[in-house]
């Protein structure tokens, strides 16, 4: 099951073989050739052959070592708790993901149903011994990777528990409480002995549940009374019956003059290879019609599996409620033929299978078909032949798998969004290198021209278009959750207040803006500029949706959600925590259901060509997810759309937050400096621009193409005042190179250049006292960053 694979596992690259093996074989072959030539008296030929093979082996070895060394650096990945919650929902057992201390982070519906008070796993023990056992298996799982125990006393009775250590950083615990599996026979036995069995008894039908060995597990009151069976006896079904012809029996307890009963046996698991199931006995005419008796229909409606009977001509006789529900049929709207239920392409296969099973030998088989009401979801239709049951000659079995299909779609959507985000982030990162070179060269050319020159306007136009392209890459990075954020602890009403004046101008006179704020709102930690962009993007989309109806009302509301209220929201994705919510609602035309599932995909738009990039809502999605929040959309066509954003309440770590002393930034004009700068960049175009920019500002610049070259320069002992390096490079990446350099120069200032998000890099790079410069950057920004790092030494 997917719940057992929640950890984000990084697979090691498959080795392409030992690079020395083939060259070694060639050297051996050369030695043999030289030896044979010497023995045969051709010393010169043997020597030439050996030298040639030795040279070829050396070239082959160097090429294989180079190919192995040029493997790309692994891409950074960010786990998605939304995907974790969707995966947990697939588990039928109660399951919850917690941190090391046992605090729940995400749980599935089965956990909510089994433990309505949503207690943490460590608090489920009914007594002190159970609580100690839970704590011990938590420690065992954290120490050894897994832990388990059985028969732990809880308020819900004895339970088993399995704990696994999961997560990309192995910093989470997965708790699963497997419940005993009940077989279909157990369910049938309970129903036959209950109300359903009594309904059959009142209709004159004897019902008994039989296991695979022929033992009677249960029977309704009429069966027990007429067969003389004690509920606690271990009787076999063949000991209770006396054959009276094909599919006809007499009850031995009623003697030789007992009436003949028709025997109908329905297997609990068709195709399982055994006869376990439910046996029905009823008095019937010689040629009964199974489409009319109310007793049989009552039994069919009790079964959880969709079941229908078809006559020899391929026409429906009857069906139960489960079959009609799975086929999306009304109570009295059964079609004439089974082939009417499926799409045109599957009609012939279904009709042929029904015909073969109704007239040939009794067989059974499964068909993968697509139902007319839902052609996108194939389902399994079991067709089995029946004999000596009057008009009925074919049995159809159909399972309602709509919930399973829904869960599969949710997981597929979450996986697709994660994959598209990683692709978009990689494309934007590479494009940022190109834009850095273009913007840098524009700055260098502008330094040689004055505003009055003829080329100055062209240079500024190129730079302006490059900045527009940089804005698009920032949107892609926002969707992929890899853009650089400047998070602050803030209140959502303050952000709404800052942007409300801009919204009034954007919305126009036809749209009324209404703002409502709740009480006792918790502070959140996010980038205020990015939150303003989220609100503006959603408001502009709402304005366009209301334009078709001549205007409307845009409502922005903030309110708090406590942890004990999360379960009432009915979301399987939202972890249990305290949230501050931001709701943006409009009274526009609404979003059709077919489109609602695609609105957060990049480049998807319903606007006309040239009136939208398709990155507005994808940018909103990325900003919210990178800020640790969740966003949901609900819409009704003709009524409007509501977007709700949930941001977790920020809590200071420790008794009091440490006061940060921020040095005043250097003035914009203070870009000149002195000293030696080691510049490490694998992209030649970026390296050239950065070298020229720093040289113009008065620095002595040493350049290196990769981390190994940089370490060679550091090892020479030359004075280096600042190290500027890219993060992702071939052979040796920037962080690895910096760690090696700091072994000999622990106080060396570091400035990383990268197109990835600063927060993401700081989580993956455990290096102190480093500064970040996001790409793309201008010559001025690079000079200011270098001066600022040197000023803080």
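Numbers at a glance
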{"item": "Mean Cα-pair separation over length for the stretch 304-400, i.e. relative contact order, pairs under 8 Å, 6 or more apart, %", "result": "34 percent"}
{"item": "Relative contact order (percent, whole number), the stretch 676-791, Cα cutoff 8 Å, 6+ residue spacing", "result": "25 percent"}
{"item": "Footprinting exposure proxy for 494, 93 (fewest neighbouring C-beta atoms within 10 Å first)", "result": "494, 93"}
{"item": "Order by protection proxy (mean Cβ within 10 Å, highest first), peptides 109-118, 192-201, 248-257", "result": "192-201, 109-118, 248-257"}
{"item": "Computed over the stretch 488-648: relative contact order in percent, which uses C-alpha pairs under 8 Å that are six or more apart", "result": "24 percent"}
{"item": "Shape category assigned to the stretch 676-791 from the gyration tensor of Cα positions, a/c cut at 1.5", "result": "rounded"}
{"item": "Three-way shape call for the stretch 509-566 based on the alpha-carbon gyration tensor, with the a/c threshold at 1.5", "result": "prolate"}
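Bear in mind these aren't lab numbers, they're just calculated from the coordinates by the rules spelled out. Values in this document were obtained by computation on a predicted structure and should not be read as measured data. Counting neighbours? That spans all protein chains shown, and the Cβs are built from the backbone with ideal geometry, glycine included.
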